[in-house]
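Student: Below you'll find the structure I mean.
The values are calculated or read from the model by the stated rules, or taken from the named source; none is laboratory data. In this text, all values refer to a predicted model and were calculated from it rather than measured experimentally. Glycine gets a Cβ as well: all are built from the backbone with ideal geometry, and neighbour counts include every protein chain shown. Heavy atoms of the whole protein, side chains included, go into the accessibility calculation; ligands, DNA and RNA do not. Shrake-Rupley method; radii C 1.70, N 1.55, O 1.52, S 1.80 Å.
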Amino acid sequence: QRRGQKPFLASPLPDPALAPNFNFNVSHEGDFVVLASEPVAVCGVDVAAPDQARRRRRDGRKPSIDEMLKVFANVLTPNERAAVENAAGDDEAKEDVFRRHWSLKEALVKAMGVGLAMELNRADFECEDEGAGVRRVGSAAGG
């Protein structure tokens, strides 16, 4: 990996006939690790370990969802922020929705190989019902 760029396989490279665009991505947090590889399309992954987003402060309390939304105000799109705020349930349920959006954004920039240099609020994600898959619905920047 070159500093600030996506990791790459230096050697041995897979047969280009079988893997014309072989790439991989890895993520880890807490006790969780995920590794994905793809022979044709780009891939990016992110793992969000439970209880990692709202780490306890020095005083022992977790920041509220409202506090988290203030910290990440420039990261979420208005639609994503509304999804977090309108999630049914307590702060834990709202945190789950937040973490899902954050992980999608991290996986996207990792797949693109641009890291956090990209303005994350340019990508707008919509998550389907709990337990269902996730789909990318477009760019908040209109492209």
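Student: Hey, can you tell me all the residues within segment 51-90 that are under 25 Å from Glu128 (Cβ atoms), of a type in the set (S, T, N, Q) and at pLDDT 90 or above?
Tutor: Within segment 51-90, Thr77, Asn79, Asn86 qualify.
Student: Separate question: Scan segment 73-97 for residues that are outside any helix (DSSP H, G or I) and open to solvent by 30 Å² or more (accessible area, probe 1.4 Å) and report the count. Explain how you work it out, then say what you get.
Tutor: Step one: of segment 73-97, the residues outside any helix (DSSP H, G or I) are 73-77, 86-90.
From the residues that got through so far, the ones that are open to solvent by 30 Å² or more (accessible area, probe 1.4 Å) too are 73-74, 86, 88-90.
Residues meeting the conditions: 6.
Student: Another one. So, in segment 98-127, of the ones that are closer than 19 Å to Val42 by Cβ and open to solvent by 80 Å² or more (accessible area, probe 1.4 Å), which residue ends up modelled with the highest pLDDT?
Tutor: Keep residues of segment 98-127 that are closer than 19 Å to Val42 by Cβ, which gives 103-118, 120, 122-123, 125.
Pick out the ones that are also open to solvent by 80 Å² or more (accessible area, probe 1.4 Å) and you get 112, 116-117, 122.
Details: Met112: 88, Leu116: 75, Ala117: 81, Arg122: 92.
Of everything passing the filter in segment 98-127, Arg122 is modelled with the highest pLDDT.
Student: Among the residues of segment 31-53, is any in contact with a helix residue (DSSP H, G or I) (Cβ under 8 Å, 6 or more places away or on another chain), assigned to a loop (DSSP other than H, G, I, E, B) and without any contact (Cβ under 8 Å) to a residue 12 or more places away in the chain?
Tutor: Scanning segment 31-53, I find no residue that is in contact with a helix residue (DSSP H, G or I) (Cβ under 8 Å, 6 or more places away or on another chain), assigned to a loop (DSSP other than H, G, I, E, B) and without any contact (Cβ under 8 Å) to a residue 12 or more places away in the chain, so the answer is no.
Student: Going by the conditions given, is Lys110 part of a helix (DSSP H, G or I) and free of Cβ contacts under 8 Å to residues at least 40 places away in the same chain?
Tutor: Details: part of a helix (DSSP H, G or I): yes; free of Cβ contacts under 8 Å to residues at least 40 places away in the same chain: no.
Against the criterion (part of a helix (DSSP H, G or I) and free of Cβ contacts under 8 Å to residues at least 40 places away in the same chain), Lys110 does not qualify.
Student: Of all residues in segment 31-45, which are farther than 19 Å from Gly115 by Cα, open to solvent by 60 Å² or more (accessible area, probe 1.4 Å) and not charged (D, E, K, R)?
Tutor: Result: Phe32, Val40.
Student: Just to be sure I understand the filter: pairs with C-beta atoms under 8 Å, separated by 6 or more residues or on different chains, first member in segment 74-92 and over 14 Å from Asn121 (Cβ atoms), second member open to solvent by 80 Å² or more (accessible area, probe 1.4 Å) and assigned to a helix (DSSP H, G or I). Which pairs pass?
Tutor: Filtered contacts from segment 74-92: Ala87/Asp96.
Student: Report the residue count in segment 60-72 for those that are part of a loop (DSSP other than H, G, I, E, B) and open to solvent by less than 60 Å² (accessible area, probe 1.4 Å).
Tutor: Quick first cut of segment 60-72, residues part of a loop (DSSP other than H, G, I, E, B) only: 60-64, 72.
Subsequent filtering for residues that are open to solvent by less than 60 Å² (accessible area, probe 1.4 Å) retains 60, 62-64, 72.
The qualifying residues number 5.
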